[in-house]
Structure formats: structure tokens, C-alpha cells
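Written below as C-alpha cells is the structure these notes are about.
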Amino acid sequence: MDRVLHPPLVDSTACLCRVDTGLKTVAGVSRYVPGTKRCLQPDIKPSIHPTRNKPARGDRSRNQFPLLPGLPDDLAIACLIRVQRAEHRKLRLVCKRWHHLLASNFFYSLRKNLGIAEEWIYVVKRDRDGKISWHAFDPVYQVWQPLPPVPKEYSGALGFGCAVLNGCHLYMFGGKDPLKGSMRRAIFYNARTNKWNRAPDMLRRRQFFGTCVINNCLYVAGGESEGVHQCLRSAEVYDPNKNRWSFISDMSTGMVPFIGVVYEGKWFLKGLGSHRQVLSEVYQPETDSWYPVYDGMVSGWRNPSTSLNGQLYALDCKDGCKLRVYDEGTDSWSKHIDSKMHLGNSRAMEAAALVPLSGKLCIIRNNMSISLVDVSKFEDLKGSSAEHLWETIAGKGQFKTLVTNIWSSLAGRNRLKSHIVHCQVLQA
């Protein structure tokens, strides 16, 4: 009598998919055993404790301690998002759940949607020894907040770029290392986690180049590179959604930009060519094209500038106590906003940056004094004085008079100890 062969019993909770010892893979089963179906759990291995079931993710969350005792988590989050940004560093230290919450995009998207996200001013400085440091200013409490140190590769770098993406990521990229020369490196600081991270390297080594942000994409162009005796014409863009750099069209002429601004969706650059001649070009992202520009905006454009609510502004004096406004109708810088209180021409009082901050213009000087200008009320003045539009929010050195500057120069005490190389605004 023939023996009847029965297939081996298979435990569904610890299936190894071995119908036959000669079959090495689940895919092999379909070839050798007609009508067989591929196992739904091919990667599950036998458990040491097969009768012990792990709790589901939802069950584990129910066993966690609440964010705030006595409150559901949704109400606790509604309370935590309203805490001032200056206290977030302390909140992250309370427990792991608070740390993960405050490091999440969800937490800050709620703050942004409710209109309670705060903007801080980040200043990157170089001291007289060439070392880079940086500082964050909180306009609400009007104090400078502590920050983690700049990564070693940028502690003494020259000619590097600085820009903000996603509102909360401050990027440093390119530049020249004192020992290694021109760099392609890129790093970024996350204002939500208070930490530095690596980003993909640029496609080309470059230093002293132009940079801007359009539609949350980072553009760089021109500059210099060691071993190249001419100014660079190449340009590239970084898309944070794709997390990669791509080349864009080359500039018409290579240059080392010394000033740049985004206005009406176009990137304007002004700099020096290979023969030290002054050049100006504009880039249109929609057509990926460069072309020279010689209009009244560029010809009268010399100092740091920025656009706000469709209007273009620029510093008009060394101490930043007077602004110029571009008039598109006349193609000239014919309008001015004057504070009527000038601080002198010392290097310490020199205005290094002009950036938008909470709907106003922010002027930052080398001595870390900061002024705000409410330009939204400028059109309502109709020829009247504009002094009341100005406000001092960081007053270090603000009240140093012209006479004091003269005496400091005569005494040899006016040598600049440090100066600002970049200034950005981050939101969290």
C-alpha cells in the first residue's frame, strides 16, 4: 500500500515559506509548485516568544504620559505653541515627548498658521583675527540669544554665501578655507532644532560669488575659484525639495558681484569683471536667461538694498540713517526716507545690512545697533517729516556722537574690532 504524503504544517505566525527544502526563495515556489501563492509575510522570522504580542503603535501612545498632566494632548499642544520662542530651548529639555514635538514641522506650522511665529535676526561676524562668530537677536525681548558654534569648516572661511530656505534653515556654502582653498561644501542650521546639518556640495568650487533665493530655491553665480585666472561665468541652483544642485545658464560675462537684489521676480547683480570694470546683469528664472542691464535702477544702485511689498529700497548713507526708494515710473531713486539723526562716518557705525523684519525694514550696523523703519506708512506722509517712522531696537553704540567719533579717531581707538559679513532673518 502506497504511503500518502501530506504537506508539512505551517505556522502562520512564523512562516519561513519552505514548502520544499530545495526551494531557496519565495519566487522559486511559483516555478516548482504549481498553484502556490507567495507568502504574505516573507520577512517575518520566528519569535523567541511566539505567544507574546507586541502592542500596536496606537496602544503604546495611549500608555505614554500626557504632554501636560490633566489635559488632552491637543489642548496641551495649543498651549505649548503659544510659548514665546525664547523659551523653546528650555522646553526641549523637559522630556523626550516635548523635544520631539518642538523639533517637528507640525509644531511650527501651527505657529505659522496662527500668525504667532517669531522672526529673529541672525548676524554673522568676522573679528580682527579673521574668526567667524554669529549671534541671534530676539526683537520681542530685545536681547541677543545664545547659539551653537559655527562648524569648524566655516570658522575662518572667506567669501562664503549665506541664505535662508524654508524660512527656518540658514545655509552657509562655498567660500575659501584658509588651508584647503576654494570649497564646494554646504551646511545649514535648523532654527527649529537649534542644530547644524550637512547639505549636498555645490557643483563647482567658488568664492566671493552672488547668491539669492527665488521661489525657495537657492541660486549662486559668478565669483572666483583657485586656479582660474578669470571671473566665473557659471551659475547653479539648489532645490531643497529635490535636495540637489543643478547648473543653470552661464552669465553673459564673468564677474565678482559686490551687490545683488531680487526685484519683481528677477535677480539683479552688480560687480567687477576680469579687468576690474563695473558690470551689471539680470537673471530671469522663467526663461533661464541672463542679459546685461543699464537702466536707472542699476546705474544709481550702490549700497545694500532689499525689496518689500513690491517696493525696492536701498541705503543712502554710510550709517544707514537715510533710505532711498526706487520710483519705477521715473526709473530713478528720487524718493528718500530720512531719520534726520546721523551717527557719523566711522567704520563701527557703518550699516552692513538691510533686511525685511515683520513688515518693516531692519538696518544692522557693525557695532550691532539695529534700527527699524515702518515703510508701510511712508506713502501717507505726503511731504511731511519721516522721523517718527524710525525706531531703535538694539542701541549698542547708537548714541555715539560725531564729536565722540572724532576723538576716538584721534586717539586711535576707532579701529574696527569686528564687522558683519552676513545678516539673515529666520522664523520659528
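The values are calculated or read from the model by the stated rules, or taken from the named source; none is laboratory data. Remember, predicted model here, so these are calculated numbers, not experimental data. Cβ atoms come from the backbone with ideal geometry, glycine included; neighbour counts cover every protein chain shown.
For first residues located in the range 100-112 and under 9 Å from I81 (Cβ atoms), partners that are assigned to a helix (DSSP H, G or I) and lie 6+ apart or on another chain with Cβ distances below 8 Å form the pairs F107/I77; F107/L80; F107/L101; L110/I77. Considering (1) in a loop (DSSP other than H, G, I, E, B); (2) at pLDDT 95 or above; (3) within 24 Å of the chain's Cα centre (by Cα), the lone condition that N303 does not fulfil carries the number (2). Scanning the range 217-239 for residues that are in a loop (DSSP other than H, G, I, E, B) and of a type in the set (S, T, Y) yields S225, S234.
Just to be sure before I move on: is H275 more than 22 Å from H422 (Cα to Cα), in the same structural domain as S252 (by TED's automatic domain parsing) and part of a loop (DSSP other than H, G, I, E, B) in the structure I sent? Yes.
Would you mind stating whether G174 is free of Cβ contacts under 8 Å to residues at least 60 places away in the same chain and at positive phi?
yes
Checking each residue in the range 269-289 for being among the polar types (S, T, N, Q) and more than 17 Å from L218 (Cα to Cα) picks out S274, Q277, S280. The residues in the range 176-216 that are outside any strand (DSSP E or B), out of contact with any Lys or Arg (no Cβ under 8 Å at 6 or more places or on another chain) and either surrounded by fewer than 18 Cβ atoms within 10 Å (Cβ to Cβ) or not assigned by TED's automatic domain parsing to the domain that holds G265 (or both) can be counted, and the count is 6.
Where strands (runs of 3 or more DSSP E) sit wholly within the range 350-428, those with at least 1 residues that are modelled with pLDDT of 55 or more and loosely packed, with under 15 Cβ neighbours inside 10 Å occupy 390-394. Here D129 fulfils each of the conditions (1) part of a loop (DSSP other than H, G, I, E, B); (2) touching a strand residue (DSSP E or B) at 6+ places or on another chain (Cβ under 7 Å); (3) under 26 Å from L179 (Cβ atoms) apart from (2). Within 17 Å of N243 (Cα to Cα), aromatic (F, W, Y) and without any contact (Cβ under 8 Å) to a residue 24 or more places away in the chain: does that describe F188? Here the answer is yes, as F188 does meet what is asked. So, L147, is that one closer than 24 Å to R82 by Cα, out of contact with any strand residue (DSSP E or B) (no Cβ under 9 Å at 6 or more places or on another chain) and surrounded by 14 or more Cβ atoms within 10 Å (Cβ to Cβ) or not? The answer is no for L147.
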